[in-house]
Amino acid sequence: MTNILKTLLRFCSLFSVLFPISVFAVPFSHCEPSVSVNGMLDYWHVEKGADTMAPLSKKVTNNSCKASSYYLVKVARVTDPLTQPKEHILNPKEMSQSVLAYPATLAIGPQRTGETKLVLPKGQSETLQFYRLIFNPVLPEKKYGFNVDKKELNKIKSETRMALAISTNVVVEPRHPDYTYSIERKKNTNQIQIDYRGNALLQVSVYGQCQAEKSSSKSNKNITVIPCSGKSSSFSSRIYTADVDKKNKGVKVFDLSQFKGKVNVHIKKGAKSDNHTFNISEQK
C-alpha cells in the first residue's frame, strides 16, 4: 500500500470519529423503486461567522420498500462546465489534494437515507472549482470494500435490481471570494441588468405578484424573460464569472414585465445576501 493511500485511510479514520456517518429512517407515504439525493447543485462556501469550510453533507434516499441499494461514491473534477464540460474521476492522491468523499461506499436499506460527507483536505483553491459527486450502483462485493459473506452476497444478487447511477453538482467557493456586482434598471423598460465582476458565484432569486395580462416578450440570447404564473411566482438563476460563462461574461439581463407592483430581487453572495426592490406598473 502506498504512503498516499495509508495517509488517506488514516485521515478517513479520524474523519469518521469527528463526523460520524449515519443511515437515517425516513417517513414515506408510499414506496417507489427509485432513489433521490438532497439537491442537484450545491454552492459550497464558508458559512457566516466561520473561518474555514465546513464539511458538505450529501444524502441519498432509498425509496424502495424491499430492496437495499449499494453505491460506490466517486468525485469528478469538471472543467469548462458551461461550454464544453470535461470530467476527470479523481484517484486517491488527487482526492487527498482537493475534495475527499467519505465514506466511499454506501449501503442503504429500504426506506432509509445514507449520508456521505465532502471535505477539503488542503482547503479552498484560488479559483472557483466545479465537481460532480457520482453514486454508482454496485453489488456489495469485497473488492469494493463491502463486508458481505458469499452466502449473503448470492442472496442479494438474486433479490437486487440494479439502480441507475445518480450524480449531483458541487461548486466550491474560492479561497478569497469577490462578490462585486452592480444592478440597475434599464431606462424606460422593465429590464434589470446585473453586471458581475467577481471571482465566485452569485445566486439570484426573483419573486413577486403576477400581471393579469402577460407580456408577449420572449427570451433571447441577451435577455431572459422571467415567467410569472398564477397570483405570484418565483424564479432562480446563477451568474458565473466571466472566465467561466464565456457567453454572458458575467452580465445577465432579466425582463420583469410579467410581474407587477413590488418585485424583490434577492442576491446571495456565499453566506451573505442583498435585497433589491423594483416597482413594475400593472398592464391595462
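The values are calculated or read from the model by the stated rules, or taken from the named source; none is laboratory data. The shown structure was predicted, so the numbers you read here are calculated from the model rather than taken from an experiment. All Cβ positions, even for glycine, are placed from backbone atoms using ideal geometry, and neighbour counts span all protein chains on display. The protein model used for the area step is the full one, side chains on, heavy atoms only, and it has no ligands, DNA or RNA in it. Shrake-Rupley method; radii C 1.70, N 1.55, O 1.52, S 1.80 Å.
Here are some notes:
- Of the residues making up the stretch 215-233, those that are open to solvent by less than 90 Å² (accessible area, probe 1.4 Å) and either closer than 18 Å to Leu202 by Cα or in a loop (DSSP other than H, G, I, E, B) (or both) are Ser215, Ser217, Ser219, Asn220, Ile223, Thr224, Ile226, Pro227, Cys228, Ser229, Gly230.
- Index of the failed condition, Asn222 passing every other in (1) within 20 Å of Tyr196 (Cα to Cα); (2) in contact (Cβ under 8 Å) with a residue 40 or more places away in the chain: (2)
- Hits in the stretch 53-90 - residues which are part of a strand (DSSP E or B), in contact with a Lys or Arg (Cβ under 9 Å, 6 or more places away or on another chain) and of a type in the set (A, V, I, L, M): Leu56, Val73, Val75, Ala76, Val78, Ile89
- In the condition set (1) within 24 Å of Leu82 (Cβ to Cβ); (2) aromatic (Phe, Trp, Tyr); (3) assigned to a strand (DSSP E or B), Tyr207 is compliant with all but (1).
- Among the conditions (1) in a loop (DSSP other than H, G, I, E, B); (2) in contact (Cβ under 8 Å) with a residue 60 or more places away in the chain, Val253 misses just one, which is (1).
Residues are listed down the side, and each one gets a yes or a no for (1) closer than 30 Å to Glu152 by Cα; (2) out of contact with any helix residue (DSSP H, G or I) (no Cβ under 9 Å at 6 or more places or on another chain); (3) among the polar types (S, T, N, Q):
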| residue | (1), (2), (3) |
| --- | --- |
| Ser69 | yes, yes, yes |
| Arg77 | no, no, no |
| Lys93 | no, no, no |
| Tyr102 | yes, no, no |
| Leu106 | yes, yes, no |
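- Pro85 vs. criteria under 17 Å from the mean Cα position of the chain (by Cα), open to solvent by 30 Å² or more (accessible area, probe 1.4 Å) and not aliphatic (A, V, I, L, M): yes
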